[in-house]
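Written out below as structure tokens is the structure these notes cover.
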Amino acid sequence: MRRKNQIKKRIIELIELAYNTAKSGNLELAREYVKLAEMYSRKGKVEIPLKYKRMFCRKCYTPLIIGVTERRRMRSKILIRTCLICNWQRRYVLSGNKRSDKENES
Amino acid sequence: MILDYINSRIKILWYTDPFLISREGVIVLETEKTFLIKLEEKNKFIRIFKAHGIFEITFKGKSFIIAGYKLVRKPWKRI
């Protein structure tokens, strides 16, 4: 259990590092950090927290920064997030779900 | 348990290429066989083989000297 907590901590650190690296403009390096975090999660059987899972594209692993690598649009209470690098899209229905509250927090 | 050495300080104590000996920097990326290091001196990046040297690594306040061949492994296999 202690080992899993340590892995989870490292995953969060790496994703935050990737986010900051992407902000400074080095997207390739940021992608490598996210890939490493993803591998830790797979091999260590640790779940990435929802807040951090939504910080990167699930197809190309680029950290999503609004206006730089991500576009957000609302269409009739549906939030559409698009990755500007690979055009991956994800839709979130925001009509009074528990999940939508979590989305608003992140 | 140390998974990877990203963001830790490194000093090269010995290397097969004498030009790189006693250089210091920060590890930016770790792969199975190499370190990508950002040198302090000129904001320059170099990629070095782990197996070809002896390093002093400072990670989260702890400093230790280690032969590079002992680090040759994929980071997620240390779990």
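Bear in mind these aren't lab numbers, they're just calculated from the coordinates by the rules spelled out. Computed from a predicted structure; not experimentally measured. Cβ coordinates were reconstructed from backbone atoms using ideal geometry, including for glycine residues, and neighbour counts include every protein chain displayed.
Packing here is the average count of other Cβ atoms within 10 Å per residue, and on that basis the peptides B:35-41, A:12-18, highest first, run A:12-18, B:35-41. Our summary gives chain A a relative contact order of 19 percent, counting only alpha carbon pairs under 8 angstrom and 6 or more residues apart. Seen through its C-alpha gyration tensor, with square-root eigenvalues sorted a ≥ b ≥ c, chain A comes out oblate because a/c lies at 1.5 or above while a/b is not bigger than b/c. Only beta bridges with both residues in the protein assembly as shown are counted; by DSSP, about 95 percent of them are antiparallel. In this calculation the C-beta distance from A:Lys53 to B:Arg9 is compared with R0 = 35 Å, giving a FRET efficiency of 0.70. Diffusion of chain B by Stokes-Einstein, at 25 °C in a medium of 0.890 mPa s and with Rh set to the Kirkwood radius over alpha-carbon pairs, works out to 197 µm²/s. For a modelled paramagnetic label at B:Arg47, 7 Å from Cα along Cα-to-Cβ, the residues of region B:4-28 in reach, with backbone nitrogen under 16 Å, are B:27-28.
Between B:Glu40 and A:Lys9, the modelled labels are 2.6 nm apart [label points 7 Å from Cα along Cα→Cβ]. Label separation (B:Lys62 vs B:Ser22): 2.9 nm, computed from points 7 Å beyond Cα along the C-beta direction. As a calculated quantity, the FRET efficiency between B:Thr31 and A:Met74 at R0 = 41 Å, using C-beta atoms, amounts to about 0.50. Restricting the calculation to Cα atoms, every distinct pair contributes to the Kirkwood radius of the protein assembly as shown, found to be 18.2 Å.
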